[in-house]
Amino acid sequence: MTPPLLEIETLHTSFSTEAGIARAVDGVSFQLHAGETLGVVGESGCGKSVTALSILRLVRPPGRIEAGSAIRFEGTNLLALAERDMQHVRGNRIAMVFQEPMTALNPVFTVGDQIAEVARIHAGASRRSAAAKAVEMLALVGIPDPAQRATEYPHQLSGGMRQRVVIAMALVMNPALIIADEPTTALDVTIQAQILELLADLTRRLGTSVLLITHDLGVVAENCSRVIVMYAGEVVEESTTVELFAHAHHPYTEGLLGAMPRVGRGAERLATIPGTVPAPTAWPVGCRFRERCAFAWDRCAKDHPPLYQLGSGHQSRCHLAEEPNRRAHPHTPLAAASGVASA
Amino acid sequence: MPAIGVRHRLLRDRRVWIGLGVLAFMAVAALTAPLIAPYKPDAQLDIVQLAGQAPSSAHWLGTDPFGRDVLSRMLFGSRVSLTIALAAVAMAMTFGTLVGVIAGYFGGPVDSVLMRLVDAAFSIPPLLYIIVVAALWGDVGIVALTLLIASVAWFGVSRLVRAKALTVRDADFVMAARALGMSSWRIVTRHVLPNVVGPAIVTSTLAIGNVILLEAGLSYLGIGVRPPQASWGSIIQDGAERMSDQWWLTLFPGLAILVTAFACNALGDALRDALDPRQLQPLRDDDTPLITA
């Protein structure tokens, strides 16, 4: 088997805050293969965005990537690169698409200029050929009348158009990997599907791998071949998308799936997960999901669960893997019982 | 630089035309002073007959106690006053922007040190500081005066630019630029500077008025421009003792200062409004641009 395009090993990224050290990403490992679209899901504060920023080494003080972490990309440990070499990776081999197309573009330059800029830094393109490249990229992302649009400012474009521009900027150098951090969250629902389809279509054609960060399992189902579920700074479940939807193992993943609206399930209330993510400055001992879990028992309070292998490519960080019988006896989660949050 | 909306809005703003008109008038008068001045600025025409004459058809703005034509002195004085003001403000703007961008973009200890220096500088009254330095320096010419004025005018610019640079630094598009592989230097020149020049130009324009007043105050106190050379401030100084009976000695240069400061402020206000990014709205169909970008 060919080595993975991206291999993250025990990534620890922490932030010094007044409340103590927040371990936002706490020992995350995963692999991403060439041409693959890997989904990363989890609720706000689970560490998925920090993981993305860590890959590009864009975490700013007071945040830092701890020693012992490794991020191997195309065979190189990015964490060992000099800043100058890292700049060569950013935008060139790995590009990022941000959540907010309103603010990800500089208001004082035309969109054509901003796309051309990428070609100018990385390919040393002349002003003219860079400008031509910009128009070509705008056409590629399906913007009508690209030559005209290239001369317009971000505020003259709609949200969907702007996100297309952001995608165009990411694709200029034909990177091996695109990290898309909630690329459609800020857009209208009707536009969301278009943008995702565009991203999927282009990356398939160009053979680009995608790390798709989202809190929307529906987006994962449609776009990703594999999924990583993150919770409280850790990977809690990893599997193929098909397997995850058919046989989710971790109670947190089950909770996420239960919170999804589905066709044919009638007008019942959507399930919610009681409680909230614990504070990253003080992850609880044992299982971090324990207080919100309907199956937790005394072992969960003591032993921090490892990632159990469930089958080929399916892993789950839950003791139920060893004691599956306990699934038969759900109880009220601690968080719900103590009234921490109402369902 | 923002072009479309900004230029369009500037051209439609009456304050721009008034400000530019007044300043252009002043500039032309200053440049052509030797041609249009009716008399030599320091010629004592007739100390007996013509000392302290009220405005008349021969001396539109009267004469001073030494028998010199006030209009001619003001025309030549505008060269000194405007040059000092523009040069000092240009220096202050450049230096203030530099310090502000460095402090704001790099932040941390660099920012703390620079801003505490600015705080300290702010706590010293500028007039007092210049008087002390001038006294220690001895002979303060026009160049030294300009430098002194610039040295007290940049704090305001640096404060404002820093605040703006701080917000730009944390803007998503700067993060996006870093994610696209831009170096810090390039981010500063491509993203931070273009976003802070607007506010820097605006505060500087507003500072021109203050600087003219400061120079006038200093000349009034006898620092800088020396007799018989004229500046607006020194003309006022010459006339200060006779304000009750020879009002024209102080009124006309005072008006000149007032009008110039007013024009600069009008221009600065208009620039500030036009450069406000919140006003960068798409042009509506009924807004026909006067000049296309």
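The values are calculated or read from the model by the stated rules, or taken from the named source; none is laboratory data. Only a predicted model underlies this, so the values are computations on that prediction, with no experimental measurement involved. Every residue, glycine as well, gets a Cβ built from its backbone with ideal geometry; the counts of neighbours run over all protein chains shown. These accessible areas exclude ligands, DNA and RNA; they are computed on the full protein's heavy atoms, side chains included. Shrake-Rupley method; radii C 1.70, N 1.55, O 1.52, S 1.80 Å.
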*asked:* Considering only residues that are out of contact with any helix residue (DSSP H, G or I) (no Cβ under 6 Å at 6 or more places or on another chain), free of Cβ contacts under 8 Å to residues at least 40 places away in the same chain and of a type outside the set (A, V, I, L, M), which ones fall in segment B:107-133?
replied: B:108, B:109, B:112, B:116, B:119, B:123, B:125, B:129
*Kindly provide the set of residues from segment A:107-121 that are within 7 Å of chain B (Cβ to nearest Cβ) and open to solvent by 30 Å² or more (accessible area, probe 1.4 Å), ordered by number.*
A:107, A:121
*asked:* Tell me yes or no: at least one residue of segment B:30-52 is among the hydrophobic types (A, V, I, L, M, F, W, C), in contact (Cβ under 8 Å) with a residue 60 or more places away in the chain and over 19 Å from residue B:75 (Cα atoms).
replied: no
*residue B:88 versus (1) assigned to a helix (DSSP H, G or I); (2) within 30 Å of residue B:43 (Cα to Cα); (3) open to solvent by less than 40 Å² (accessible area, probe 1.4 Å); (4) at pLDDT below 90: which is the lone unmet condition?*
(4)
_Single condition residue B:114 does not satisfy, out of (1) surrounded by fewer than 18 Cβ atoms within 10 Å (Cβ to Cβ); (2) more than 24 Å from residue B:227 (Cα to Cα); (3) not small (Gly, Ala, Ser)_ = (1)
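Considering only segment A:88-103, how many residues are of a type outside the set (S, T, N, Q), part of a loop (DSSP other than H, G, I, E, B), open to solvent by 10 Å² or more (accessible area, probe 1.4 Å) and at the interface with another protein chain (Cβ under 7 Å from one of its Cβ atoms)?
2
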_Restricting segment B:134-154 to residues that are in contact with a helix residue (DSSP H, G or I) (Cβ under 6 Å, 6 or more places away or on another chain) and open to solvent by 20 Å² or more (accessible area, probe 1.4 Å), the residue that is nearest to residue B:99 (Cα to Cα)_ = B:154
*Qualifying residues in segment A:269-302 (those that are touching a Leu at 6+ places or on another chain (Cβ under 9 Å) and at pLDDT 85 or above) - the one surrounded by the most Cβ atoms within 10 Å (Cβ to Cβ)*: A:293
*Among the residues of segment B:56-66, is any without any contact (Cβ under 8 Å) to a residue 12 or more places away in the chain and within 23 Å of the chain's Cα centre (by Cα)?*
no
*Can you name every residue in segment B:179-199 that is in contact with a Leu (Cβ under 8 Å, 6 or more places away or on another chain) and crowded, with 22+ Cβ neighbours inside 10 Å?*
B:179
*Only residues that are farther than 26 Å from residue A:183 by Cα and either in contact with a helix residue (DSSP H, G or I) (Cβ under 8 Å, 6 or more places away or on another chain) or facing chain A (nearest Cβ under 9 Å) (or both): list them for segment B:187-202, please.*
B:188, B:193, B:194, B:196, B:197, B:198, B:199, B:200, B:201, B:202
*Name every residue in segment B:230-256 that is polar (S, T, N, Q), over 24 Å from residue B:90 (Cα atoms) and either touching a residue at least 12 places away in the same chain (Cβ under 8 Å) or surrounded by 17 or more Cβ atoms within 10 Å (Cβ to Cβ) (or both), in order of residue number.*
B:237, B:246, B:250
*Name every residue in segment B:217-229 that is open to solvent by 10 Å² or more (accessible area, probe 1.4 Å) and either in contact (Cβ under 8 Å) with a residue 12 or more places away in the chain or within 20 Å of the chain's Cα centre (by Cα) (or both), in order of residue number.*
B:217, B:220, B:221, B:222, B:223, B:228, B:229
_Residues of segment A:16-63 classified as more than 14 Å from chain B (Cβ to nearest Cβ), in a loop (DSSP other than H, G, I, E, B) and open to solvent by 30 Å² or more (accessible area, probe 1.4 Å), total_ = 8
_Hits in segment A:303-334 (condition: surrounded by 20 or more Cβ atoms within 10 Å (Cβ to Cβ) and not polar (S, T, N, Q))_ = A:305, A:317, A:318, A:319, A:320, A:333
*Since residue B:167 meets every condition but one in (1) within 14 Å of another protein chain (Cβ to nearest Cβ); (2) under 24 Å from residue B:64 (Cα atoms), which condition does it not meet?*
(2)
_Residue under evaluation residue A:235, criteria (1) surrounded by fewer than 19 Cβ atoms within 10 Å (Cβ to Cβ); (2) out of contact with any helix residue (DSSP H, G or I) (no Cβ under 8 Å at 6 or more places or on another chain); (3) not in a loop (DSSP other than H, G, I, E, B), criterion not met_ = (1)
*Complete set of residues in segment B:18-45 that are open to solvent by less than 60 Å² (accessible area, probe 1.4 Å), of a type outside the set (Ser, Thr, Tyr) and more than 19 Å from residue B:264 (Cα to Cα)*: B:33, B:37, B:41, B:43
*So, of the residues in segment B:149-202 that are in contact (Cβ under 8 Å) with a residue 12 or more places away in the chain and of a type in the set (Lys, Arg), which turns out to be farthest from residue B:83 (Cα to Cα)?*
B:169
*asked:* Quick check on my filter: what residues within segment A:77-87 are more than 14 Å from chain B (Cβ to nearest Cβ), under 25 Å from residue B:185 (Cβ atoms) and open to solvent by less than 60 Å² (accessible area, probe 1.4 Å)?
replied: A:79
*Only one of (1) touching a helix residue (DSSP H, G or I) at 6+ places or on another chain (Cβ under 8 Å); (2) outside any helix (DSSP H, G or I); (3) open to solvent by less than 20 Å² (accessible area, probe 1.4 Å) is not met by residue A:253, so which one is it?*
(2)
*residue A:166 is checked against (1) away from chain B (no Cβ under 12 Å); (2) in contact with a strand residue (DSSP E or B) (Cβ under 7 Å, 6 or more places away or on another chain) and fails just one. What number does that condition carry?*
(1)
*Looking for whichever is within 22 Å of residue A:38 (Cβ to Cβ) and either touching a helix residue (DSSP H, G or I) at 6+ places or on another chain (Cβ under 8 Å) or open to solvent by 50 Å² or more (accessible area, probe 1.4 Å) (or both) here; the options are A:226, A:164. Which one fits?*
A:226
